[in-house]
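The values are calculated or read from the model by the stated rules, or taken from the named source; none is laboratory data. On a predicted model such as this, the values are computed, not experimentally measured, just so you know. No Cβ is skipped: glycine too gets one built from the backbone with ideal geometry, and neighbour counts run over all protein chains shown.
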Amino acid sequence: MKQAYALTQKLFGNVRQVIIGKDEAIKKTILALLVQGHVLIEDVPGVGKTILARAIAKSIGCSFKRIQFTPDMLPSDVTGVSVFNQKTREFDFREGPIFAQIVLVDEINRATPKTQSALLEAMEERQVTVDGTTYIMPKPFLVLATQNPIEYEGTFPLPEAQLDRFVLRIRLGYVSKEKEIQILTDQQFKHPLDNLMGAISRQDLIEMQDAVKQVHVEESIKEYIVDITNATRNHPDVYLGASPRGSLGLYKTSQASAVITGRDYVIPDDIKSLAEPVLAHRLIISPAARMKNVNAEHVINRILEMVAVPSATR
């Protein structure tokens, strides 16, 4: 466990050289990487979403591809297409950009629902089926999807099935004045990403992912997780609550949070800090509650105040 903690700190420090003033966003992205989950980054343009994805890829020596979603994009533009080879008289499969270890899906809500659905199988089952043939995704496999929460013209809201496949939703936001001045200074001659070196190997990442699974979670903590997700399903302001996949996401990310902080056991504070980024995007608020300006974040905070917190021992 100490080795896994040291590796996470090394990875965090390496990415932090490029992403200035966004430590929490970096940590949550690393959490998703440790639990083999996917991240939805909901923020305005220009705050470093692409740089974060590229920095993670370079830090672990993984392949990186970027997919710019547009309304005219087809599912085959994402997954790949079979092309007839006149020499062999057979169809050859040409992989699409989804076949990379770190995939940045930019403006995911600008593609049509048909194209968005091309990601479903890859994100959940780590495979793509084209013309009846199944192709396995590379390992590790992480999708970082972005969407602009301000501009809705020409967009297609993500369906619940798509949102539920993201283990975390994070926001980068603007940096402080001092950090923004530092960014200007750091990029005067070249981008810090150009000189970024690898921090850990892919084998190190696999070992870290295995270490996360060994983190102890008491029965009372498991009950606490289920009580929170159950409360979202019975809340009067919620039309659709979190699924069991949400409970599993909260369970796994709390284990990864323990590793990042140097523990081999989960405490209630791990659950509290991750409940909003793991569960909020999975909730559908009722129309009556939306008219009262109630959002998913408010609901999660109320639930955390209501549900009894267990006492955790090592």
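A compact table of results
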{"quantity": "Count - residues of the range 204-226 that are under 21 Å from the mean Cα position of the chain (by Cα) and free of Cβ contacts under 8 Å to residues at least 12 places away in the same chain", "calculated": "1"}
{"quantity": "Answer from ILE267, ILE260 - the residue that is under 26 Å from LEU11 (Cβ atoms) and in contact with a Ser or Thr (Cβ under 6 Å, 6 or more places away or on another chain)", "calculated": "ILE260"}
{"quantity": "Strands (runs of 3 or more DSSP E) wholly inside the range 68-177 containing at least 2 residues that are more than 29 Å from SER254 (Cα to Cα) and not aromatic (Phe, Trp, Tyr)", "calculated": "80-85, 90-95, 127-130, 133-136"}
{"quantity": "Subset of the range 1-36 (residues that are small (Gly, Ala, Ser) and farther than 20 Å from ARG263 by Cβ)", "calculated": "GLY21, ALA25"}
{"quantity": "Hits in the range 192-203 - residues which are in contact (Cβ under 8 Å) with a residue 24 or more places away in the chain, over 17 Å from GLN9 (Cβ atoms) and either in contact with a Ser or Thr (Cβ under 6 Å, 6 or more places away or on another chain) or not hydrophobic (A, V, I, L, M, F, W, C) (or both)", "calculated": "PRO192, ARG202"}
{"quantity": "Test: residue in the range 113-133 that is at pLDDT 90 or above, in contact with a Ser or Thr (Cβ under 6 Å, 6 or more places away or on another chain), more than 25 Å from ASN14 (Cα to Cα) and assigned by TED's automatic domain parsing to the domain that holds GLY48", "calculated": "yes"}
{"quantity": "Residues of the range 100-122 satisfying the condition of being of a type in the set (A, V, I, L, M) and within 16 Å of the chain's Cα centre (by Cα)", "calculated": "ALA100, ILE102, VAL103, LEU104, VAL105, ILE108, LEU119, LEU120, ALA122"}
{"quantity": "Residue match in the range 213-225 (condition: charged (D, E, K, R) and farther than 24 Å from ILE300 by Cα)", "calculated": "yes"}
{"quantity": "Some residue of the range 164-176 being charged (D, E, K, R), in contact with a strand residue (DSSP E or B) (Cβ under 8 Å, 6 or more places away or on another chain) and closer than 26 Å to ALA258 by Cα", "calculated": "yes"}
{"quantity": "Options ALA231, ALA280, ALA242: the member that is touching a helix residue (DSSP H, G or I) at 6+ places or on another chain (Cβ under 6 Å), surrounded by 15 or more Cβ atoms within 10 Å (Cβ to Cβ) and not in a helix (DSSP H, G or I)", "calculated": "ALA242"}
{"quantity": "Number of positions in the range 1-54 that are of a type in the set (A, V, I, L, M, F, W, C), in contact with a Ser or Thr (Cβ under 7 Å, 6 or more places away or on another chain) and assigned to a helix (DSSP H, G or I)", "calculated": "5"}
